[in-house]
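Engineer: Before I ask anything, let me first share the structure, which is written out below as structure tokens.
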Amino acid sequence: MLRRLLAEAEATAPTSSRTFGEAFAEFLAWKKPSLAPTTFRAYEGYSRREVLPVLGKVPLDQPGTAQIDALYSKMAKAGKSYHVIKQAHDVVRAAYSEFLRWGWVDRNVSTFATLPKAPNNEIAVPSVDQLRALPSESGEVDPQWVAMIALAAVTGMRRGELCGLRRSDLQGSTLTVRRSITYTSETGLVEGPTKTRPTRRIALDEFGIAVIEAQVAYVDEMLATLVGTDVDDTERGSLMAEDPFVFVGRPEKDKLFGATPIHPDSISMVFRRIADKHGWRDLHFHSLRHFTATQLIAAGVDVRTVSGRLGHSTPTLTLRTYSHVLEAQDRQAAAILGGLLGNKLGEAENSERSSLTRGSNVTKDVSVDLRL
């Protein structure tokens, strides 16, 4: 009986003659249509640079948890950051999940792998004074870069979302985030949905509205300069896209002005140049998104509202990302409550001492009944 059961188990056990590299190539081909171009590029890049050199030629059914642990250890010894190792782990885990579902392996060995300890580093956030210094850069860089930086700081939008803004997205004091621009060498600039898919609406104050309106006027001036003063308003208008992007890239051949979005990588490089000039080594364009979140949380805006403004998938992600700000708020809350209780306690004690002084010279214990 035991022999028969063992034979049946062996007969039904998943078998695959593929190497991990061959299986992973099939996984990427299957996964590609469902991934954003930038996500696919990340999957392909991390696997090509980090994973496949170690596991690529190993038979698919041979790698165990120890081998994957060794991969992470090797990456750590090579000086790879926790973020890079975590990304490689996510790719391996996703691949093995599909291999398991397809019946190519009998378990997901990456589930039990051990990542290095995550660093407890707080995110870098620009100060208000640093952001106020940026308008002075408009003399050295295109003014629309300054406008994009300002809008990023007051909305918390991702760079691809900013690049994807069209004029129709601003209605009154509400900005609708509908799309994002991504780029890969294979696809070029692609207009697609936002990272978390759903459309979201962001309220703007007078400053935010003024930034967009000034940028729109600047783009109109760009077109006027491009075509010259001999062209009247009607003809000039016919050269503008029907619903142009707010931030425009270099006009492409046979396309109307404003029909080409700005390149997402460009603003990152411009911000890096500005930050390096000022010595802000730890800041990058995404830091503006952190500025939005930390300022709102510190001001007492509830996490659900902050999460919605940022376009996070859930408020839990906001809580996890900005836990250090919430901890600071908790300390502030303790100080506020302590101050309130301390004042009441002090008033009660002073009142009791005054009545004792007036009524008797006998010393006795003072008991304070504190009710809020």
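The values are calculated or read from the model by the stated rules, or taken from the named source; none is laboratory data. Quantities reported herein were computed from a predicted structural model and do not represent experimental measurements. Cβ sites come from the backbone with ideal geometry, for glycine too, and all protein chains shown count toward neighbours. Protein only, heavy atoms only, side chains kept; ligands, DNA and RNA dropped before computing areas. Shrake-Rupley method; radii C 1.70, N 1.55, O 1.52, S 1.80 Å.
Engineer: Scanning segment 96-125 for residues that are buried (at least 16 other Cβ atoms within 10 Å of the Cβ) and of a type in the set (Ser, Thr, Tyr), which turns out modelled with the lowest pLDDT?
Structural biologist: The extreme case among them is SER110.
Engineer: Just need a number here: residues in segment 201-226 that are assigned to a helix (DSSP H, G or I), open to solvent by 50 Å² or more (accessible area, probe 1.4 Å) and within 17 Å of THR292 (Cβ to Cβ).
Structural biologist: Qualifying residue count, segment 201-226: 1.
Engineer: List the residue pairs whose Cβ atoms are under 8 Å apart, where the first residue sits in segment 229-252 and is open to solvent by 40 Å² or more (accessible area, probe 1.4 Å), the second is polar (S, T, N, Q) and assigned to a loop (DSSP other than H, G, I, E, B), and the two are 6 or more positions apart or on different chains.
Structural biologist: Between residues of segment 229-252 that are open to solvent by 40 Å² or more (accessible area, probe 1.4 Å) and residues that are polar (S, T, N, Q) and assigned to a loop (DSSP other than H, G, I, E, B), the close pairs are ARG250/THR260; PRO251/THR260; GLU252/THR260.
Engineer: Another one. Report, ordered by the first and then the second residue, all pairs with beta carbons closer than 6 Å, sequence separation of six or more or different chains, a first member in segment 273-286 that is touching a residue at least 12 places away in the same chain (Cβ under 8 Å), and a second member that is open to solvent by 60 Å² or more (accessible area, probe 1.4 Å) and not β-branched (Val, Ile, Thr).
Structural biologist: Qualifying pairs under 6 Å: PHE285/ARG159.
Engineer: Can you name the helices (runs of 4 or more DSSP H) wholly within segment 289-372 that have at least 3 residues being at pLDDT below 90?
Structural biologist: It comes to 315-321, 323-359.
Engineer: Please find, within segment 126-163, the residue that is modelled with the lowest pLDDT out of those that are surrounded by fewer than 20 Cβ atoms within 10 Å (Cβ to Cβ) and not in a helix (DSSP H, G or I).
Structural biologist: GLU140
Engineer: Count, please, the residues in segment 186-200 that happen to be within 22 Å of VAL306 (Cβ to Cβ) and assigned to a strand (DSSP E or B).
Structural biologist: Going residue by residue through segment 186-200, those that are within 22 Å of VAL306 (Cβ to Cβ) are 193-200.
From the residues that got through so far, the ones that are assigned to a strand (DSSP E or B) too are 194, 197, 200.
Summing the residues that are within 22 Å of VAL306 (Cβ to Cβ) and assigned to a strand (DSSP E or B) in segment 186-200 gives 3.
Engineer: Give the residues of segment 173-187 that are among the small types (Gly, Ala, Ser) and in contact with a strand residue (DSSP E or B) (Cβ under 8 Å, 6 or more places away or on another chain), sorted by residue number. Break it down into steps so the answer makes sense when it comes.
Structural biologist: Let us first name the residues in segment 173-187 that are among the small types (Gly, Ala, Ser), namely 173, 180, 185.
Across segment 173-187, the qualifying residues are SER173, SER180.
Engineer: Let me ask something else. Within segment 253-291, which residues are over 30 Å from VAL128 (Cβ atoms) and open to solvent by 50 Å² or more (accessible area, probe 1.4 Å)? Break it down stepwise before answering.
Structural biologist: Filtering segment 253-291 down to residues over 30 Å from VAL128 (Cβ atoms) leaves 253-260.
Within segment 253-291, LYS253, ASP254, LYS255, LEU256 meet the criteria.
Engineer: For segment 21-42, what are the residues that are open to solvent by less than 70 Å² (accessible area, probe 1.4 Å) and either touching a Gly at 6+ places or on another chain (Cβ under 7 Å) or touching a residue at least 12 places away in the same chain (Cβ under 8 Å) (or both)?
Structural biologist: Residues satisfying the conditions are GLY21, ALA23, PHE24, PHE27, LEU28, LYS31, ALA36, PRO37, THR38, PHE40, ALA42.
Engineer: Select from segment 43-70 the residues that are in contact (Cβ under 8 Å) with a residue 40 or more places away in the chain and open to solvent by less than 40 Å² (accessible area, probe 1.4 Å) and write down the one among them that is nearest to LEU115 (Cα to Cα).
Structural biologist: Top of the filtered list is ILE68.
Engineer: With the checklist (1) touching a strand residue (DSSP E or B) at 6+ places or on another chain (Cβ under 7 Å); (2) at pLDDT 90 or above in hand, flag the one item THR38 doesn't pass.
Structural biologist: That leaves (2) as the condition not met.
Engineer: Would you check if VAL301 is free of Cβ contacts under 8 Å to residues at least 60 places away in the same chain and either in contact with a Cys (Cβ under 6 Å, 6 or more places away or on another chain) or of a type in the set (Val, Ile, Thr) (or both)? Outline the logic, then answer.
Structural biologist: Values: free of Cβ contacts under 8 Å to residues at least 60 places away in the same chain: yes; either in contact with a Cys (Cβ under 6 Å, 6 or more places away or on another chain) or of a type in the set (Val, Ile, Thr) (or both): yes.
When the stated conditions are applied, VAL301 passes them.
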